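Colleague: Sharing a structure, written as structure tokens. Questions coming.
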Amino acid sequence: MSRKRHVKDKTEKANAEDEKNTGQAPNETSPAQTFDEYQCSGKVEIDFPGLCALLNIKDIPAVSTKQPASSILTETEGGDVENRQSQKNAVSFWSKSCLQVELENEDPLSAKSMTVSGWKVDEPTTRVLQKILPSLSQLQSLQFWQAGLTDQMVISLMNTISLCSNLRVVRLEGNPLPEQSYHHLLSEDSILTHLSLRNNRIGDESARLIGAALSTKRSSNTNLLSLNLAFNSISDTGAAHIAQGLRLNRALLFLSLSNNQIGDTGAAHLAAILSDFALTHEEVVERRKLLLEKAQSVRVDSDQTPADQLPSVPNSTSLSVSKGENKGTSKKKEASKKDEKPAANKENPKSNKKSSDVKATKGGKPGGKEKQLTTQEDQSSAALNEQVELVEIRNPLLEQSLQHRDGELFLPGNTTLTSLNLAGNRITEKSLHLFLTSLEMQGEGGGLLRLCLQRNRFPPECESYMKIEELIALRHQRKKRSEETEEEGQGA
């Protein structure tokens with residue numbers, strides 16, 4: 001009873017403050033008689049208890065706007081978990097239900113992050129969160145740790161997330177789902193860029209669905225940059241499914257599969273997609289369909305294009321139809337017309353390489369580097385100037401640098417992925433040479449900058465592992481020199 005009185009008093013105090021600032025009570029402009037009629041103000045301290053009360057929720061969780069501590073579990077360079085300080089803070093989380101809201105500044109409308117930690121979220125509370133989230137225009141991160149969400153709640157929240165203008169980071173951890181519906185968070189139309197699904201007992205079937213969400217022959221998630229699947233139950237079979245999803249995905253930069261049950265067979269599948277690999281019969285058939293559709297589209301466009309603009313048509317056609325065309329040559333011709341683009345664009349024009357408009361920033365994983373597209377304006381410019389290139393980035397089957405060998409068609413491997421964490425699995429020395437070979441084949445144009453293999457079933461002094469470490473270190477040195485040279489060029 002005292003808890004309800006506390007919430008009521010806190011709400012009345014916040015309303016009084018609003019009345020003092022605006023000269024009128026909150027409900028004077030938009031009286032809320034029912035839950036559906038309630039108009040959210042964007043102030044979680046007011047909206048959350050108010051909506052809970054309208055649904056007659058008992059024991060309404062308190063709202064804390066103090067800056068929260070770091071995530072309950074923080075992955076380190078080797079895939080370990082640092083939770084000493086977090087466990088101390090977690091005691092207070094689990095002792096009472098509390099909705100944590102991190103503000104960007106003192107403005108109550110500046111909610112930047114929302115965290116539910118250690119208390120069960122029921123269906124009515126989920127409804128309240130769904131009502132509030134779209135009103136938080138500055139919200140960037142949503143975190144659930146041991147929140148007891150159901151499959152239907154996750155699907156409903158995913159539908160709500162699509163309505164949030166700036167929400168790009170979701171952490172759903174310590175929350176096993178009976179029907180393993182995690183793949184809905186990776187759907188093709190998902191706006192999320194960072195997703196953490198640690199410690200959810202994800203198995204091989206769920207890994208299959210996640211792999212299919214990353215990419216298929218016809219679709220691909222083009223927004224997700226970071227995926228954390230650490231501390232789950234993914235075996236060799238599940239790793240093969242994830243590798244299948246990485247074959248045609250050219251967006252994901254960071255993948256953690258640490259502390260699972262992956263052995264040499266699963267590691268071999270992951271190593272294989274890092275360098276050139278042969279297309280399956282189904283992929284070859286799909287490629288032919290896509291090329292035919294593209295040629296027909298170009299033909300229709302040319303029929304509708306004025307005669308004085310026709311010279312621009314062959315350039316786009318040659319990228320998809322002409323067999324002998326060097327893709328790099330045509331892209332360099334386009335680059336010469338764009339003064340605003342840096343010279344770095346010429347380094348590697350292949351669509352499966354990391355784009356030069358991606359910059360590294362520190363982020364969710366300590367010891368790693370995250371990359372983000374610079375601005376929406378850059379993306380819009382790219383969309384206008386390189387429409388054909390965007391098609392190729394979305395589906396590498398339209399890549400022009402495919403090679404014929406021994407009756408098979410080989411696609412350049414995935415060099416978009418820059419960080420792969422396989423620490424704490426069951427990999428032996430037997431499969432290390434596969435990673436080494438793939439890394440060597442990637443060359444200097446792109447590829448892995450971080451490959452974590454600690455705490456597997458091989459001695460750290462084995463030759464292949466030491467060569468992998470040396471190769472990764474050399475790549476970091478080259479990247480650092482390249483960045484320094486680019487900065488000097490921009491400063492000149």
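Colleague: Using a 1.4 Å probe, how large is the accessible area of residue 112, given in Å² and rounded to the nearest 10?
Modeller: 70 Å²
Colleague: Treating the Cα atoms of the stretch 402-488 as identical point scatterers in vacuum, please give the log10 of the normalised Debye intensity I(q)/I(0) at q = 0.27 Å⁻¹, two decimals.
Modeller: So the normalised log intensities are -1.36.
Colleague: What net charge do the residues around residue 143 carry, taking every other residue with its C-beta under 9 Å from that of residue 143, with Lys and Arg at +1 and Asp and Glu at -1?
Modeller: Value of the local net charge: 0.
Colleague: What list of ³J(HN,Hα) values in whole Hz, one per residue of the stretch 195-206 in order, does the Karplus curve 6.51 cos²θ - 1.76 cosθ + 1.60 (θ = phi - 60°) give from phi, with Gly and Pro shown as x?
Modeller: In residue order, the calculated couplings are 9, 10, 10, 6, 6, 10, 6, 5, x, 5, 5, 5 Hz.
Colleague: Ignoring ligands and nucleic acids, what accessible area does residue 428 show with a 1.4 Å probe (Å², nearest 10)?
Modeller: Here the accessible area works out near 40 Å².
The values are calculated or read from the model by the stated rules, or taken from the named source; none is laboratory data. From a predicted model like this one, the values you see are computed outputs, not experimental measurements. Backbone-built Cβ (ideal geometry, glycine too); neighbour counts: all protein chains shown. These area figures cover heavy atoms from the full protein model, side chains too; ligands, DNA and RNA do not enter into them. Shrake-Rupley method; radii C 1.70, N 1.55, O 1.52, S 1.80 Å.
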